[in-house]
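The values are calculated or read from the model by the stated rules, or taken from the named source; none is laboratory data. Small disclaimer: the values here were computed from a predicted structure and weren't measured. Ideal geometry is used to build each Cβ from the backbone, glycine not excepted, and the neighbour counts take in all protein chains shown.
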């Protein structure tokens, strides 16, 4: 090889290297200029009911240095066999609809994202009925932009821009044929109570979605955990708490140790069926003779704090969703009980803990 040829070859190699580095730098910055994320308005993790249309996630694109035109969005899906169809929305406008499955590749889009603005697009799904095959109770369902270059767009010069690596995934949902909905009934007792062996402490209502019955049966392992807060005057004896129906029939009765902060009813005396679209109350009674104050509540801290069945079978646990934010009964006061000084300290500690939980 001549000296001249060697010289030109070296120049060519250096030129390719410089061009390559420039392209890498330029592309990396362009990709970062179209920022893609899960939108804060995306729905919380929740229980979805089959044979309905629901929102699976909202996704935000932010343009920081140029105008962009988004033409493709490729969503991956978990549990997509339970979906009849996906639809991509810009506000209330349907941009595209695709068959269900493990992915939803929306192509041929024309979604402008002007510089210094954001665009929020939403994915909705028409869910299949629960058939035990493609859709089963407890199926996890989510969609997201998780694969490389899942979004394709063009900048103001007409240059194609790929999103590179991004992770924008909607919250995981749980799919069921039906679900219970728990609420506190505000006609429950409040204020001062008279101490007794069987004081009504709270009423919590449970409603079944219109798509099927909800059951609480001991044979299926169904349970309801109820938390206890308050000031208890020690007498060395356990307290009896009872779960009853609206007619006063006992569903379960528990001997709760002194100082316990929760109790779990397992419907050992009688089960309760809540018909599709119907509401049934849970009445909770307790021995309040040694309580200066007491409050019952449903805690979302553990999914296993509730177990319910569907159409007479199964045991499903989703208390973190069903009790989200905790469901509080009224705080009740027994003015005839005077606690020991040590119990007052425990009260202050308990109230501080409850206050911090409510602020979470």
Residues in region 326-349: is at least one at pLDDT below 95, in contact with a strand residue (DSSP E or B) (Cβ under 9 Å, 6 or more places away or on another chain) and crowded, with 21+ Cβ neighbours inside 10 Å?
yes
Give me a count of the residues in region 207-255 that are over 25 Å from residue 50 (Cβ atoms), surrounded by 20 or more Cβ atoms within 10 Å (Cβ to Cβ) and within 28 Å of the chain's Cα centre (by Cα).
5
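Which ones in region 82-111 are loosely packed, with under 13 Cβ neighbours inside 10 Å and in a strand (DSSP E or B)? Even if it seems obvious, please write down each step before you answer.
Keep residues of region 82-111 that are loosely packed, with under 13 Cβ neighbours inside 10 Å, which gives 91-94, 99, 102, 107-108, 110.
If the condition is that a residue be loosely packed, with under 13 Cβ neighbours inside 10 Å and in a strand (DSSP E or B), then 93, 94, 99 are the ones that fit.
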Looking only at strands (runs of 3 or more DSSP E) that lie completely in region 249-293, which have at least 2 residues being touching a residue at least 40 places away in the same chain (Cβ under 8 Å) and touching a strand residue (DSSP E or B) at 6+ places or on another chain (Cβ under 9 Å)?
262-265, 272-274, 279-286
Residue list for region 153-178, filter: in contact with a helix residue (DSSP H, G or I) (Cβ under 6 Å, 6 or more places away or on another chain) and not in a loop (DSSP other than H, G, I, E, B):
161, 175
Scan region 228-248 and give yes if some residue there is closer than 23 Å to residue 301 by Cα, out of contact with any helix residue (DSSP H, G or I) (no Cβ under 8 Å at 6 or more places or on another chain) and in contact (Cβ under 8 Å) with a residue 60 or more places away in the chain, otherwise no.
yes
Exactly one of 330, 301 is under 15 Å from the mean Cα position of the chain (by Cα), assigned by TED's automatic domain parsing to the domain that holds residue 271 and part of a loop (DSSP other than H, G, I, E, B), and that one is 301
Residues of region 131-148 that turn out to be more than 20 Å from the chain's Cα centre (by Cα) and closer than 19 Å to residue 317 by Cα, as a count
1
